[in-house]
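The values are calculated or read from the model by the stated rules, or taken from the named source; none is laboratory data. This one's a predicted model, so the numbers in the text were calculated from it and none came from an experiment. When we count neighbours, we look across all protein chains shown, and the Cβ atoms used for this are built from the backbone with ideal geometry, even at glycine.
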Amino acid sequence: MNSSVLNLVCLALLTFPIVICKASRDVVCIPSESETLVKLKDHLIDPSNRLSSWNATANTNCCEWLGVVCSNITAHVVELHLSISPPSDEYDDVGYDAFVKSRFGGEINPCLVDLKHLNYLDLSGNDFGGMQIPTFIGAMTSLTYLNLSHAGFNGKIPPQFGNLTSLLYLDLGSNAISGEIPYQIGNLTNLVHLRLASNFSGLLFAENLRWLSGLSNLQYVDLEGANLSKSFDWLQTLSALPSLTDLHLAECILHPYDHDQPSLLNFSSLLTLDLSLTQYSSVVPKWIFGMRRLVSLQLSDNYFNGPIPDGLQNLTLLENLALHTNSFSSSLPDWIYSFRHLKFLDLAFNNLCGNISDALGNLTSLVELDFSENQIEGIIPTSLGNLCDIRELLDFSVNSIHGALPRSFGKLSSLRVLDLSNNQFNGNPFESLGSLSKLSFLFIGHNRFQGAVKEDDLANLTNLQKFHARGNNFSLKVAPNWRPTFQVVELILSSWNLGPKFPSWIQSQKYLEYLEISNAGISDSIPTWFWEPFSQAHYLNLSGNNIHGELANTLKKPISIESLDLSSNHLHGKLPCLSTTVQWLDLSGNKFSGSMTDFLCNNLDSPKLSLEFLNLASNNLSGEIPNCWTLWPALKVINLQSNHFVGNLPPSMGSLVWLEALKVSNNTLSGEFPSSLKNNTMLISLHLGKNRLTGIIPEWVGKRLLNLKILCLHANNFWGHIPNQICEMSLLQVLDLARNNLSGNIPNCFNHLNAMALNNRITDSFIYCQVINLAGDACVVSVLLWLKGRADRYRNNLGLVTSIDLSNNKLSGEIPRELTNLSGLYFLNLSHNQLSGHIPPSIGSMGSLLSIDFSRNQLSGEIPSSMTKLTFLSMLDLSYNHLKGEIPTGPQLQTFEASNFIGNNLCGPPLPVNCSLNGQAPHDDHKGRESDGHGVNGFFVSMIFGFVIGFWLVVAPLFIYRSYRFAYFRLVDNVWFKLRNVLASRDAVCIPSESETLVKLKDNLIDPSNRLSSWNATANTNCCEWLGVVCSNITVHVVELHLSITPPSDEYDDVGYDAFVKSRFGGEINPSLVDLKHLNYLDLSGNDFGGMQIPTFIGAITSLTYLETVFAENLDWLSGLSNLQYVDLGGANLSQSFDWLQTLSAPPSLTELHLSDCILRPYDQPSLLNFSSLLTLDLSLTSSSVVPKWIFGLRILVSLQLSSNRFQGLILVLEIDTNF
């Protein structure tokens, strides 16, 4: 605002204390006005006694009372300053609590109108509890300033306000005002500042804005949240205001304006325009481009897409440009770097890509820069150091920027907030950032930073308040008596190496409210001093360490931290006591023992317990579950699985009306289905599996628990029929009733399970989120599915999982045809029952199925031909039934192994039994025969092949994260390896020189658990019998080395994980490995070689056909591996490898190439490539924005993975050779 009137208003605000002092020092107020003020006070609620000075007995001169200003000439009360403001620091909880407790409430006495000379009234910031704006204020015609904003008012704007014709300043904003804006506001012809912003978008509306046309003095207009959809000429009306400098229409509903020509508009004075959250159009209105005097432009939170429009470059005077939260795409335009006046630039939450130009250094006026949540690549240019004025914010988070930080970062000496998190930066950032002494917030988490962090690296960061650096590879190297120079409020150092001793320097941090040092290599007990600094903390996470000892012994008083995560440690003894303030507690994966009674029931006298999340899974707790859950009414999540509880669920658990998830599986609970759950109607997930529950499944489960999405009752002793009422649970996604004694027919109403009939689902995964809002980690979603006799845990994609498992029961009758209406079902297991009749002919309509298991039933007839339509099917087992005839021919069924069809009277591929002329098979000698479990029989061999081919290649896309993929498929490799070892090396005797080579290799390895004890030529000269070695049965050369190791599949198996860590090889890989000239298979995955480079000599092992690794800086060493058939470089940074694609295309035998989660340099010359044999290509999670054109020439591809990228635009047609 530039007008003299508004400047005077601001000056009056700034000099308010002086005015009070000067104007009221020698003035004695008029008694009647003093009485009026006392009446006003009496009707106000003043919890903090702010108006204690308003006491005529103690001081009769009201001109000296707080907030009162009297005229120095007439002694009349002319101003009332009764506002209150929240603290400027949004994280100042103490200040905010004080603000809340100091707000006025109650009523505003109509006696206020008796102050006839009052020209200034400010009640903003208070809380009048939703009362209507008093209409009598419209009678106070002497007012020139009226501010009722943020004061808790509700309802309509009184039309009587049109009488306040002397008003210069009117602010009713940030209240719940609604209804039509009264046209009487148009009477306020002297008005300079008008703010009518509503808290609720759309409730305030105007049929038209013609009442504005007479307010020629208006400079500031804010109609935020107003519905202007019926005001056809809103833009022309507003543009006609000759003095208008500030226009705020955020979150308004605007009528489309068809005239893009700026010549029709007259915003001659406009300096500030805010159209954020208007969802006005999909393109930026062209009329904006003509506003060449604009200083501030807010276009955030709209639906704008395409490139950032070039017309914005006309606005050369811009100081503030906010385009965040749109869908702008393409690279950053070059002209964006030409705004020499620009101070605030916000392009966050778009789809911008490409590199940051070195011209960034031209924006020397920048104070705040936000490029976060885009797809920006490349490196940070060194010219960043030119932005010496940047001080408020520098945010590059959630992009794909890589490389080391330029040392020019150190020039940003005034910077307060820096966010580089969720990129691919490497190196040691403190070489560049360690000198930024003004930094308050530093966020560098989830990058590839590494190295030792020393005391000197942090010494200058004296103003740090928040330091988030999780998900990197740092080691803190400080003296035992080190005391940081900073005092932080939030500290996140997860995945740092801080151990093995508990970091004593934390004791010096007096203001910590949020601490996360999980997976930090701490092998120590928690010292008693540790809890003292955290008496008022909000969040503490020490999970994933090796912390031991009895927790209860270190506590002097009950835990009062709001959110505490001590999971996956080695704590033991009894459970600790809690205070009433704890909201979130995770003690899972420890060794706590004994009863829960003291823990749960020792707060009988507490008025309210606020715990919402309780996880005690995977401990050694025993006894009955206590019956005092009424003390914990706020609980939403309870996880008690994998303990030793007995008895049944207590009745008081039914009092938890907000409960959303209950997991008590894998205990020894007994009795019937817990009737106490009848009242838990908010349940979303219920896990009672692996207990000893008996009786029937009651009908009320389907009638009362209608919000259930997951129902797991497997491995109990339930009997009777499956109640038809289950079909009423339309939200159900996972139904697991396996391994019980259920009988009767499968209900023919399963088609009513709507969530399984939809192909697109969005699942609320809150119930699995083991983080609170501040933690920032992704939610862990998990469900256990039984596939072909083995339990597989699907994680991180529950929204994609639907499953019915009724296996291992005594169900009879036919498979209901209604079941085939579940077109969104992914997993169906009906095996090990007594089902008869035919497979429904319409099963082909279940197009989403990934897995079917109908084995070991009494099904008869032929396999329906429609089953060939199930093109996503990756697991099928129809074995041991009474099926007959020819297996239908199609693209899928013949890819399964014969073991999936044996025990029937079937013929045709993949069975070795040819069909006769009438389409029947001869008698199947395998019918009813089962493996005796000894030796390596044909069934075992075919099962392994079937699993490898079907499950590996098709279901694998579900497992997006490499760590999880390792846990499953390495198991398959190991089984296959053992089988081959038996078959290939049974009679082979190794060559002595190769035995010597292996001993050299062993000598350079660190083998803490002595896994290679068999590699001893003295004890056994035949190296073909050594662990992990496979020799050719013909040439006796060493052809394979299987030296991998796999972590335990059970995420709570701490003992197994410790054993895994202690069994990994380390040390060095001896170059003598190249002497194994016939080696074609080398697997060293899962070990820990301490960050060493991949040895270049591996490129000389030219006989290699299989290679899997997890990191690679360049691919020069690959050029000589001409026999390679399988390459997996998932997660590798290949951004510096200019010819990565050409190098990989050179091996003539390459059939599988896996580059998931790699950082790849763009490559656009398909003519130089030679992928003549490639069948499988995985480019998932590479953060690419455009599908590479070179893919289109891979005409014999069988499997293509492009998932979890940032591709946009139209789907291009891939020309695949279907005759292959």
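Observations on the structure shown:
- Of residues in the range 16-61 being modelled with pLDDT of 90 or more and either in a strand (DSSP E or B) or of a type in the set (Lys, Arg) (or both), the one farthest from Phe136 (Cα to Cα): Arg50
- When residues of the range 48-63 are limited to those that are closer than 27 Å to Asp127 by Cβ and touching a residue at least 24 places away in the same chain (Cβ under 8 Å), the one surrounded by the fewest Cβ atoms within 10 Å (Cβ to Cβ): Ser48
- Taking the range 816-883 and the strands (runs of 3 or more DSSP E) fully enclosed by it, the elements with 1 or more residues that are charged (D, E, K, R), touching a helix residue (DSSP H, G or I) at 6+ places or on another chain (Cβ under 6 Å) and crowded, with 19+ Cβ neighbours inside 10 Å are at 875-877.
- Single unsatisfied condition, Gly125 versus (1) farther than 18 Å from Val38 by Cβ; (2) out of contact with any Lys or Arg (no Cβ under 9 Å at 6 or more places or on another chain): (2)
- Screening Ser1156, Ser1183 for residues that are touching a helix residue (DSSP H, G or I) at 6+ places or on another chain (Cβ under 9 Å) and either modelled with pLDDT under 75 or buried (at least 17 other Cβ atoms within 10 Å of the Cβ) (or both) leaves exactly one candidate, Ser1156.
- In the range 62-99, the residues that are assigned to a loop (DSSP other than H, G, I, E, B) and β-branched (Val, Ile, Thr): Ile73, Thr74, Ile84
- Elements of type strands (runs of 3 or more DSSP E) contained in the range 594-708, each with 1 or more residues being aromatic (Phe, Trp, Tyr): 613-615, 644-647
- Every residue from the range 508-545 that is in a loop (DSSP other than H, G, I, E, B) and either among the small types (Gly, Ala, Ser) or touching a strand residue (DSSP E or B) at 6+ places or on another chain (Cβ under 6 Å) (or both): Ser518, Ala520, Gly521, Ser523, Ser535, Ala537, His538, Ser543, Gly544
- The residues on offer are Asn751, Asn760, and the sole one that is at pLDDT below 95, assigned to a helix (DSSP H, G or I) and either of a type in the set (S, T, N, Q) or within 23 Å of the chain's Cα centre (by Cα) (or both) is Asn751.
- Candidate set: the range 136-182, residues that are farther than 25 Å from Ser85 by Cα and touching a Lys or Arg at 6+ places or on another chain (Cβ under 7 Å); chosen: the one surrounded by the most Cβ atoms within 10 Å (Cβ to Cβ): Ser142
- Hits in the range 483-495 (condition: in a loop (DSSP other than H, G, I, E, B) and touching a residue at least 40 places away in the same chain (Cβ under 8 Å)): Val489, Ser494
- Complete set of residues in the range 402-419 that are under 21 Å from Gln375 (Cα atoms) and either part of a helix (DSSP H, G or I) or touching a Cys at 6+ places or on another chain (Cβ under 8 Å) (or both): none
- With respect to the conditions (1) of a type in the set (Val, Ile, Thr); (2) over 20 Å from Trp629 (Cα atoms); (3) crowded, with 21+ Cβ neighbours inside 10 Å, Ile696 falls short on a single one, namely (3).
- Every residue from the range 638-647 that is in contact with a Leu (Cβ under 9 Å, 6 or more places away or on another chain), surrounded by fewer than 23 Cβ atoms within 10 Å (Cβ to Cβ) and either at positive phi or β-branched (Val, Ile, Thr) (or both): Val646, Gly647
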